[in-house]
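Structure incoming, see below.
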Protein chains: 4
Amino acid sequence: MVHYGDRKQEMITRLKKIEGQVRGVQKMVEDGRYCVDILVQIAAIRSAINKVGLTLLESHTKGCVTKAIHEDHGDEAIDELMEVMNKFIK
Amino acid sequence: MVHYGDRKQEMITRLKKIEGQVRGVQKMVEDGRYCVDILVQIAAIRSAINKVGLTLLESHTKGCVTKAIHEDHGDEAIDELMEVMNKFIK
Amino acid sequence: MVHYGDRKQEMITRLKKIEGQVRGVQKMVEDGRYCVDILVQIAAIRSAINKVGLTLLESHTKGCVTKAIHEDHGDEAIDELMEVMNKFIK
Amino acid sequence: MVHYGDRKQEMITRLKKIEGQVRGVQKMVEDGRYCVDILVQIAAIRSAINKVGLTLLESHTKGCVTKAIHEDHGDEAIDELMEVMNKFIK
C-alpha cells in the first residue's frame, strides 16, 4: 500500500521541477552570475522542497498515521511523525 | 569578477550532490517507499540547500558587499542582502 | 476537554522562561549590548518557541486529531493541522 | 557606540509586544484554549522574533560590520555574522 498514492504523480512532477531548478543554479554558478540572483533561486528551491515536504506530511498523516490510529498504535506513529517534523521546524 | 570565485567549485560539487539527492527522492516516491524515510531525505535536501545558501551569503558579503562598502555604497548592498535573507528567515 | 492537559504545566513553565528571555533581550538592547550577543539570544528564543510549538503540535495530534480520526472526521482535522504547520515550515 | 542606536526604540517596542504575545499564549494555555488557535499565536510570535532578528542583523551589518570592513578586519566580522545566521537558517 502506498499512502501518498493519489499524490504520487504530483510529487514526482514537483521533484522533477526542483531537479531542474538545482541544475539551473549550477549553471548560474558556472556562468558566474550575480550572487543575489542565485540566492533568490536557492530560496525558491528551499520553498519548493518545503512544499513537497508538507504534501508528503499531509499524505502520511491522512494515510499511515490515520491507519495506525484506527489500529490503536497511533501514538507510535505520531512520535515518529514528530521526530521528522523536528527536522523541518528548527 | 566573480566574488564567489574561490568557492565556485565547492558550490557546484554540493549542487551536483543535491541534484542526486532530489533524483533519489523521486525514485523513492516512484518505488512507493515509506513516507517517513522520504521525509528524512527531504529534510536532508533542505539542510543541504540551506548550506549552499549560507556559503553563497558568506561569499557575497565578503566579496560584493565588502567592495560596495569600500566604494561607499554599502547601504544599498546591505539592503539588497537583507531582502534576500528575508526569504530564508521566515 | 483539554487535549494538551498532561503537558499544560510544562508548556506554561517553558512560556514563562521564554517571557523572561524576551525581557532579557529588551534589557540587552536598552543597555546597548553587542549586536551578535543579542542575536544569539534571539536565536535561542526562536528555538524555544519552536519547541513549544512542536510540543503543542504533538499534543494536538495525539489528542484532538486522534479523536477526530476515531470519529471519522479526521481529514478536516488534518487539513487544519497542515494549515498551521504551513506557518512553521517556510 | 551602539550601532543599532537609531532602531533601538523600534526594537524595544517590538520586544515589548512580543513579551505581551508570550503572556497571551500563557493565558490561552491556562484557559485550555483550542490547540490550533494557540499554534497560530505561536507562529505569530516566531514571525515577530524573526523580524526583530532581521532588524538587528541589518543594523549590525550596516554598523559594526561596515566599520570592521573600513578598518580592514571585515572578514572576522563577517565570519562572526555567518555563525549567527547559521542559527537562523536551518
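For D:LYS51, which inter-copy label distances result when the label point lies 7 Å beyond Cα on the Cα-to-Cβ vector, reported in nm to one decimal and in ascending order?
Spacings between copies for this position, smallest first, are 2.5, 2.6, 3.3 nm.
Quick check: net charge around B:THR13, other residues with Cβ under 13 Å of its Cβ, Lys/Arg +1 and Asp/Glu -1? All intermediate terms of the calculation are to be shown ahead of the outcome.
On the way: positive: B:ARG7, B:LYS8, B:ARG14, B:LYS16, B:LYS17, B:LYS51; negative: A:GLU30, B:GLU10, B:GLU19.
Once all neighbours under 13 Å are counted, the net charge is +3.
Starting at the first residue of the stretch A:67-72, write each ³J(HN,Hα) from the Karplus equation 6.51 cos²θ - 1.76 cosθ + 1.60 with θ = phi - 60°, in whole Hz, x for Gly and Pro.
Values per residue, Gly and Pro as x: 4, 4, 5, 4, 8, 6 Hz.
Give the relative contact order (percent, whole number) for chain D; include only Cα pairs under 8 Å separated by 6+ residues.
Numbers: 35 pairs, mean separation 28.9, N = 90.
It comes to 32 percent, rounded to a whole number.
Between beta-carbons, use under 15 Å as the cut-off and find the net charge around D:HIS70, counting Lys and Arg +1, Asp and Glu -1. Before the final figure, lay out each step's value.
Details: positive: B:LYS62, B:LYS67, D:LYS62, D:LYS67; negative: B:GLU71, B:ASP72, B:ASP75, D:GLU71, D:ASP72, D:ASP75, D:GLU76.
In short, -3.
So for chain C, taking the charge dipole from beta-carbon charges (+1 Lys/Arg, -1 Asp/Glu), which of C:GLY24, C:ALA48, C:VAL84 sits furthest toward the positive end?
C:GLY24
Also, quick follow-up: On C-alpha positions alone, give me the angle between the axis of helix A:35-60 and the longest principal axis of chain A, in degrees, nearest 10.
10
Same structure again: Can you list, shortest first and in nm, the gaps between the label point of A:LYS27 and those of its counterparts in the other copies, using a point 7 Å from Cα in the C-beta direction?
Taking the point 7 Å beyond Cα along Cα→Cβ, the inter-copy spacings are 2.5, 5.6, 5.6 nm.
So if I take the centroid of the Cα atoms in the stretch A:1-49 and the same for the stretch C:1-38, what is the distance between those two points in Å?
36
Go through chain C and name the chymotrypsin sites (Phe, Trp or Tyr not before Pro) that are in a DSSP coil and have 16 or fewer other Cβ atoms within 10 Å of their Cβ. It would help to have the intermediate numbers written out before the result.
Details: sites: C:TYR4, C:TYR34, C:PHE88; in loops: C:TYR4, C:TYR34.
Taking chain C and a limit of 16 other Cβ atoms within 10 Å, the loop chymotrypsin sites (Phe, Trp or Tyr not before Pro) found are C:TYR34.
For the rotation that brings chain D onto chain B, whose beta-carbon in chain D is nearest the axis, and what is that distance in whole angstrom?
D:ILE69, 2
Here's another thing I want to ask about it. Taking the Cα centre of the protein assembly as shown as origin, work out the dipole magnitude from +1 charges on Lys and Arg Cβ and -1 charges on Asp and Glu Cβ, in debye rounded to 20. Display every interim value, and only then the final one.
Details: 56 positive and 56 negative charges, 0 e Å.
With only Lys, Arg, Asp and Glu charged at Cβ, the dipole is about 0 debye.
Along Cα-to-Cβ, 7 Å out, sits the label point; list in nm, shortest first, how far the one on A:GLU76 is from those in the other copies.
Those separations, rounded to one decimal, come out as 3.1, 5.6, 6.2 nm.
Oh, and also: Under 14 Å from the Cβ of B:ALA43, count the other residues' Cβ atoms, weight Lys and Arg +1, Asp and Glu -1, and hand me the total.
Numbers: positive: A:ARG46, A:LYS51, A:LYS87, A:LYS90, B:ARG46, B:LYS51, D:LYS90; negative: A:GLU80, A:GLU83, B:ASP37.
That works out to +4.
Just so you know, all these numbers are worked out from the coordinates, no wet-lab data involved. Note that the structure is predicted; figures quoted are calculated from it, not measured. FYI the Cβ positions are ideal-geometry reconstructions off the backbone, even for glycines, and counts take in every protein chain you see.
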